[in-house]
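Notes follow once the structure below has been shown.
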Amino acid sequence: MAAYILRRLLWTVLLLLVITAVTFVIFYVLPSGDPAKLRAGRSPSPETIAAIRHSLGLDKSLPVQYWEYIKKLVLHFDFGNSYVNDQPVKTLMFDRLPNTMFLVFGAAIIWFVAGVFIGIVSAVARGSFWDRFLMGGALVAISAPVYWLGLVALYLFANDIGVWHVFPGAGAYQDAHGFFHKAWTLVMPWLVLSAAFAAIYARLLRSNLLETMSEDYIRTARAKGLREKRVILRHGVRSAITPVITVLGLDIGILMGGAILTETVFNIDGIGRLSYDAIQRGDVSTIQGTTLVLALAVAIMSLVVDVLYAFLDPRVRY
Amino acid sequence: MAEPLLQVEDLRVHFETEDGVVKAVDGVSYTVDAGKALGIVGESGSGKSVSSMTVMGLTRASNAHITGRILFDGKDLLAASDDEMRAVRGGQIAMIFQDPLSSLHPFYRVGDQLVEARRVHHDESKAQARDRAIEMLSLVGIPDPRRRVDSYPHEFSGGMRQRVMTAMALINDPKLLIADEPTTALDVTVQAQILELIQKLQHELDTAVVMITHDLGVVAEVAEEIAVMYAGRIVEKGHADTIFAEPEHPYTWGLLNSIPRLDTPRDQELVPIPGRPPSLITRPPGCSFAPRCPYVREAHRRVDPVLASAEGADHTVACLLPSQTRRALWSRLRAGASPEEAKEAVNIPETLSESAPKEGEEVTSA
């Protein structure tokens, strides 16, 4: 197991190198606005631009620039500075990462619990009114874009602009202090972000559970004289939930790179918001940094999921 | 003589489906005495599994219509509530299944699965139940049970898994063990071991056994009584010796002639039963076996046969051929004749057997 994890981590390092190279090439080779011009202010002289270009190292050849980027990254864990405001990208990201984590983990708990619960109810009551109702609702939740759902939620429930003043609205998170106050401002973002995920998980668990309930070992469990509730939860759901946990790990990893739409709609200062602003301003070094964080999070979460799998399914061995 | 342990009377299990009503079991009656073994033999879809799943109360569904009586230890299981049924299930009637790998939960240690089975029916601590589990594993011949109790199902071989299943089924000292094709998924060499084990436990623990199989060789090993099922009904029933020596139903003859035997000449060909079992939705009128029967007469397609006494004690058969014709045919077949040769040699009359209901008469009970 330890050897397996080590091997996977080495692969992860290699993967990250490839990802930095690819993003480097994409943003420097493709026209995405000249960072030097961006910095130079209004109607600069060609000399000023050249000077800035030199100071940012942009006049060097692409491989040299890449090499210097990697060297700083590996030796000093330095992602370079933002082209827009010259702040270290590392600081920009790590200031915002806790906000993204708070948003994502809170939402993940909600969508996982809701998805599993709805999935079980639908599978057990297959074909009933509740099954149709819940699966129909799931389809709506999957189809609704997050930014639309977010705006509708704000319009209806925000305590500043909403029809009913129920939950704190956009931007409230920034001014909140303390765990519970921050959590309260996140209720709407959590629900909005969870909706589509909960729906997908519910459908996934429902179909897994229906398949599991026709397995031979479920018949065995019934033949033992177990209560149906125990048959479903201990024997059925135990098997049906395993693939859902895999998906959960990867989804959390992906969202660690920023829940861009949710963070933007609700004005939460997270990694997603940072990426959004960086993309708008052509701030290549920041984009590079957030891309790396996203890749790292996905790689680590998929490793976590694979290791976890060995505990969930005793047949899996590394 | 004492009351039989299990008494199934005119059991009918009909499932309503989109294609029509599937009459999976259509008027089946049999009894099992305490400590004895009954073999139920038949092809896939003959209703042999459904009838025993019904005894376990596992076919209860909104689309299932179950009628008849299942008396177990004097109690009618069809009238029992779900809670009462759960107490019987696994406690007094236990079951083992065809594929021991898929029948054990892959994620739980076998010990935990045995402990769970024990604790449903006994108010015991986990430690007590675990000791009992180890004892049972040892009884079914799992080597080093103290260590193996913590293994997962995939860490056992097929035969060992079936031993584990058997240990789990018998952990509550049930009065009846239903074994549904327990050896079908196993290697031939292992099959014999499992049959021996079941027989050994039947005698040691005084457990009655219902052995469901398509393989007459399997029931020959284990069962004292044999019931042959076809298309949801029992077509022949009797002592094992009688069924093997003096069978009177053409379907039973077909089953016997389609098993390879070591004591027949090598050039003698196996005779498969032609055709397929009938649809259980639109059962043909008359004898269900008529479309596949080499000795069929016109009247057999109109009259439903009923189980009636045949030669030998407690021997019943549902066949429209007159009894002396049946015996004449079987004596040819036993001597090695093919069904065609036997048909040539014996004059098969158009008249029906003495026990057959009159034409047009409605038959309600088999």
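The gain in end-to-end length when the residue B:3 to residue B:173 segment is fully stretched comes to 59.2 nm, 0.36 nm per residue minus the alpha carbon separation.
Using the rule -39500 (n - 2.57) for each DSSP H run of four or more residues, divided by the residues of chain A, the 222 nm mean residue ellipticity is -23500 deg cm²/dmol. I want to make sure I understand the PRE zone here: with the label point 7 angstrom from the Cα of residue A:176 toward its beta carbon, which residues in the stretch A:74-105 have backbone N atoms less than 13 Å away? Answer for this model: A:99-105. Here the translational diffusion coefficient of the stretch A:82-196 follows from Stokes-Einstein with Rh set to the Kirkwood radius across Cα pairs; for 20 °C and 1.002 mPa s it amounts to 132 µm²/s.
Over every Cα atom in chain A, the radius of gyration and the widest Cα-Cα span, Dmax, amount to 23.9, 86 Å. For the protein assembly as shown, count all C-alpha to C-alpha pairs, find those more than 31 Å apart, and express that count as a whole percent of the total. Roughly 67 percent, once rounded to a whole number. In this simple spin-label model, placing a label point 7 Å from the Cα along the Cα-to-Cβ direction at both residue B:188 and residue B:31 gives a separation of 3.9 nm. In chain A, a dipole from Cβ-located charges (positive for Lys and Arg, negative for Asp and Glu) runs towards its positive end, and of A:271, A:241, A:26 it is A:241 whose Cα lies farthest in that direction.
Divide the volume of the convex hull around the Cα atoms of chain B by the residue count and you get 150 Å³ per residue. Considering only A:97, A:75, A:151, the Gaussian network model of chain A with Cα springs below 10 Å gives its largest mean-square fluctuation to A:75. Within the listed set B:174, B:278, B:349, the Gaussian network model of chain B (springs between alpha-carbon atoms below 10 Å) gives the highest mean-square fluctuation for B:349.
Here the stretch B:103-171 is described by how far its Cα atoms reach on the three principal axes: 32, 22, 19 Å, from widest to narrowest. In plain terms, if you count all Cα to Cα distances in the stretch B:246-345 and split them into 5 Å steps from zero, the share in each step is 2, 12, 21, 24, 20, 13, 6, 2, 0 percent. Between the Cα long axis of helix A:129-143 and the first principal axis of chain A there is an angle of about 10°, rounded to the nearest 10. Using alpha carbons only, how many degrees (0 to 90, rounded to 10) separate the axis of helix A:2-29 from the longest principal axis of chain A? Value to nearest ten degrees: 50.
Averaging the Cα positions of each part gives two centres, and for the stretch B:179-242 and the stretch A:4-19 these lie 57 Å apart. One chain, two ends: residue B:125 and residue B:65. Fully extended at 0.36 nm per residue, the span grows by 17.6 nm beyond their Cα-Cα distance.
How big is the gap, in Å, between the Cα center of the stretch A:230-292 and the Cα center of the stretch B:51-118? Rounded to whole Å, the Cα centres lie 45 Å apart. Averaged over the residues of B:104-111, the number of partner chain Cβ atoms lying within 10 Å of the residue Cβ comes to 5. Cβ-to-Cβ counts within 10 Å put A:268, A:49, B:70 in ascending order as A:49, B:70, A:268, the fewest first. Note on residue A:130 and residue A:64: the model spin-label points, each 7 Å out from Cα along the C-beta direction, lie 7.0 nm apart. Going by neighbour counts of Cβ atoms within 10 Å, the residues B:331, B:29, A:55 line up, fewest first, as A:55, B:331, B:29. Here the simple spin-label model places points 7 Å from the Cα toward Cβ, and for residue A:254 and residue A:117 these points are separated by 2.5 nm. Comparing A:126, A:96, A:203 in a Gaussian network model of chain A, where Cα atoms under 10 Å apart are tied by springs, the biggest mean-square fluctuation is seen for A:126.
Please work out the Kirkwood hydrodynamic radius for the stretch A:3-88, using every pair of different C-alpha atoms, and report it in angstroms with one decimal place. For the stretch A:3-88, inverting the mean 1/r across all distinct Cα pairs yields 14.8 Å.
Using only the C-alpha atoms, the convex hull of the stretch A:168-318 corresponds to 148 Å³ per residue. Taking amide hydrogens as placed 1.01 Å from N in the peptide plane, the amide H of residue B:235 sits under 5 Å from those of B:228, B:229, B:230, each at least 5 positions away in sequence or on another chain.
From least to most packed, judged by other beta carbons within 10 angstrom and beginning with the fewest, B:248, B:43 follow the order B:43, B:248. Please give the FRET efficiency for residue B:150 paired with residue A:164, using the beta carbon to beta carbon distance and R0 = 56 Å, rounded to the nearest 0.05. With R0 = 56 Å, the Cβ-Cβ based efficiency is 0.50. Ordering B:70, B:85, B:319 by Cα displacement along the dipole of chain B toward the positive end leaves B:85 in first place; charges were set at the Cβ atoms of Lys, Arg (+1) and Asp, Glu (-1). Averaged over the residues of A:213-219, the number of partner chain Cβ atoms lying within 10 Å of the residue Cβ comes to 5.
None of the figures in this text is laboratory data; all of them are computed from the coordinates on show. Nothing here was measured: the structure is a model prediction, and the numbers come from that model. Positions of Cβ are backbone-derived with ideal geometry, glycine not excepted, and every protein chain shown enters the neighbour counts.
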